[in-house]
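*Asks:* Before I ask anything, here is the structure I am working with.
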Amino acid sequence: MVSILLNISFFGTQSVLLWWIGGGILFLLLCYGIYYQWRAGKKLRLELIEIEKVRQNNIEYDFILKAMKIAVWRYDPRRKAFVFESDYREGKDNYTPSTDETFLDTLDPIAPTDAERVKQAFGEISEGRVDSYHQEYQVTSKVSGKTYWEESYATIVDRDADGKPTKIVGTSQRIDERKRMETSLVAARNKAEESDRLKTAFLANMGHEIRTPLNAIVGFADLLPVIESDEERAQIITEIQNNNKKLLQIIDGLVSMSKIEAGAKSLLMGKVELNQLLQQMAETYQPTTNLSINVQCPLPQLKIETDREKLLEILDNLLQNAIKFTTEGEITLSYEVQGNQVRVNVTDTGKGVAEEDQKRIFERFVKVDEYVPGTGLGLSVVESHIKNLGGTVGVESSLGKGSTFWFVLPLE
């Protein structure tokens with residue numbers, strides 16, 4: 001009986017022990033499973049974070065490329081081939097080399113004036129002689145046939161054991177707007193330099209222009225007290241009066257230009273009878289010249305709404321200019337109505353204006369003939385007044401065949 005009890009006790013204790021061992025193993029397996037799942041979840045979360053970072057970086061990278069309007073490309077020096085990864089350049093006619101095109105193929109669209117320079121610079125980086133590359137060049141689009149400006153940067157990112165480049169990364173960007181700005185700035189600088197040169201020449205010339213009539217006035221005035229002949233006295237007085245007019249014309253031109261440069265644009269508008277004004281100008285200048293001054297008016301009367309004083313100054317300068325450059329023949333004042341505008345012409349039979357000078361003749365301080373007296377301001381004053389009156393001005397001329405200076409003003 002005791003033996004049976006001992007056996008039962010032994011087997012019971014063994015069973016409990018087995019249950020405890022089995023339970024411990026299950027518990028450990030459960031803990032390991034939980035740990036494994038936690039670890040796998042953490043790894044997954046880290047991978048997702050890395051993916052999100054890459055995605056975010058790619059978004060930021062693309063955003064920067066779009067904002068800067070850049071194309072990114074890679075070049076394999078061994079295969080001599082380009083691969084464009086992202087292209088955010090302006091325009092839809094940009095040249096993009098295909099993967100089977102070599103570097104020499106990419107030189108075809110580049111302007112001949114730039115191709116050799118680009119070839120040499122890219123050859124240096126491809127052979128590893130330099131680490132970076134930067135060039136500006138003109139490209140002819142194969143799509144539109146138009147030429148545009150492009151700027152490229154490149155750098156070596158990988159080399160083989162011998163130090164030869166195996167991968168080059170670069171960017172390309174259209175710079176048409178920048179080139180236009182550069183061209184405009186260069187033109188503005190050149191114009192400013194030319195204006196400064198002309199102004200210096202003008203100031204040097206003004207001393208002579210003012211001194212000439214002033215010397216005549218002073219010299220003839222000194223002679224008056226000793227002249228007894230009435231005829232000679234009358235001639236001297238006439239010379240003094242003529243030189244007075246010349247001096248006043250010079251001063252009036254300077255005053256007008258000073259007002260224009262100061263921004264004075266005030267106008268006193270009113271009705272002006274054009275036939276009467278043209279006739280008045282002809283009668284004023286006819287006694288001062290041997291030329292015949294004619295007036296041709298197609299209408300018996302024509303009234304326009306404009307500033308009378310400005311119009312008188314315009315005609316005055318144009319008539320002076322015509323008389324100055326015409327030695328024989330005639331000068332004709334005429335007009336023609338064109339819709340709601342009137343075109344006024346001052347035509348002469350003088351020496352004419354060369355075609356290359358016609359583009360700059362209305363600029364300040366410009367004198368086509370340095371040997372002819374004048375300040376070089378008259379036509380500039382004319383252009384400024386006509387623009388203020390809402391009109392346009394121009395010249396039609398041929399050397400040796402005379403000129404027609406015209407301006408168009410609105411009738412109302």
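*Asks:* Out of all the residues in region 161-186, which are open to solvent by 50 Å² or more (accessible area, probe 1.4 Å) and acidic (Asp, Glu)?
*Replies:* Hits for region 161-186 are Asp162, Glu177, Glu182.
*Asks:* Look at Gly376 and say whether it is open to solvent by 10 Å² or more (accessible area, probe 1.4 Å), part of a loop (DSSP other than H, G, I, E, B) and at pLDDT 80 or above.
*Replies:* Criteria not met by Gly376.
*Asks:* Pick out the one residue from Asp131, Asp158 that is free of Cβ contacts under 8 Å to residues at least 24 places away in the same chain and open to solvent by 30 Å² or more (accessible area, probe 1.4 Å).
*Replies:* Asp158
*Asks:* While we're looking at this one, here's another question. Which members of region 191-214 meet the condition of being out of contact with any helix residue (DSSP H, G or I) (no Cβ under 7 Å at 6 or more places or on another chain), modelled with pLDDT of 80 or more and open to solvent by 70 Å² or more (accessible area, probe 1.4 Å)?
*Replies:* Result: Lys191, Glu193.
*Asks:* Got at least one residue in region 97-119 being open to solvent by 40 Å² or more (accessible area, probe 1.4 Å) and in contact with a Ser or Thr (Cβ under 7 Å, 6 or more places away or on another chain)?
*Replies:* Taking every residue of region 97-119 in turn, none turns out to be open to solvent by 40 Å² or more (accessible area, probe 1.4 Å) and in contact with a Ser or Thr (Cβ under 7 Å, 6 or more places away or on another chain).
*Asks:* Within region 280-310, which residues are open to solvent by less than 30 Å² (accessible area, probe 1.4 Å) and under 41 Å from the mean Cα position of the chain (by Cα)?
*Replies:* Ile304, Thr306, Asp307
Residues checked against (1) of a type in the set (Lys, Arg); (2) open to solvent by less than 20 Å² (accessible area, probe 1.4 Å); (3) modelled with pLDDT under 90; (4) assigned to a loop (DSSP other than H, G, I, E, B):
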| residue | (1), (2), (3), (4) |
| --- | --- |
| Gly350 | no, yes, yes, yes |
| Val353 | no, yes, yes, yes |
| Ile386 | no, yes, yes, no |
| Gly400 | no, no, yes, yes |
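*Asks:* For the list (1) open to solvent by 10 Å² or more (accessible area, probe 1.4 Å); (2) modelled with pLDDT of 90 or more, I need the number of the one condition that Val346 fails.
*Replies:* Condition not satisfied by Val346: (1).
*Asks:* Are any residues in region 60-77 under 20 Å from Ile168 (Cβ atoms) and in a loop (DSSP other than H, G, I, E, B), and if so, which ones?
*Replies:* Ile70, Pro77
*Asks:* Can you pull out every residue in region 317-328 that is open to solvent by 50 Å² or more (accessible area, probe 1.4 Å) and part of a loop (DSSP other than H, G, I, E, B)?
*Replies:* Once the filter is applied, which keeps residues that are open to solvent by 50 Å² or more (accessible area, probe 1.4 Å) and part of a loop (DSSP other than H, G, I, E, B), region 317-328 yields Phe325, Thr327, Glu328.
*Asks:* For region 264-316, what are the residues that are assigned to a helix (DSSP H, G or I), more than 24 Å from Asn388 (Cβ to Cβ) and not hydroxyl-bearing (Ser, Thr, Tyr)?
*Replies:* Gln279, Ala282, Glu283, Gln286, Pro287
*Asks:* Same structure again: If the requirement is being at negative phi, in contact with an Asp or Glu (Cβ under 8 Å, 6 or more places away or on another chain) and at pLDDT 85 or above, which of these qualifies: Ser292, Ser256, Ser334? Break it down into steps so the answer makes sense when it comes.
*Replies:* Details: Ser256 fails: at pLDDT 85 or above; Ser334 fails: in contact with an Asp or Glu (Cβ under 8 Å, 6 or more places away or on another chain).
Criteria check complete, one pass: Ser292.
*Asks:* Here's a follow-up. If a residue must be in a loop (DSSP other than H, G, I, E, B) and open to solvent by 30 Å² or more (accessible area, probe 1.4 Å), how many such residues does region 78-94 contain?
*Replies:* Here the count works out to 7.
The values are calculated or read from the model by the stated rules, or taken from the named source; none is laboratory data. Just so you know, these numbers come straight off a predicted model, no measurement behind them. Cβ sites come from the backbone with ideal geometry, for glycine too, and all protein chains shown count toward neighbours. Side chains are part of the model used for accessible areas, which takes the heavy atoms of the whole protein and leaves out ligands, DNA and RNA. Shrake-Rupley method; radii C 1.70, N 1.55, O 1.52, S 1.80 Å.
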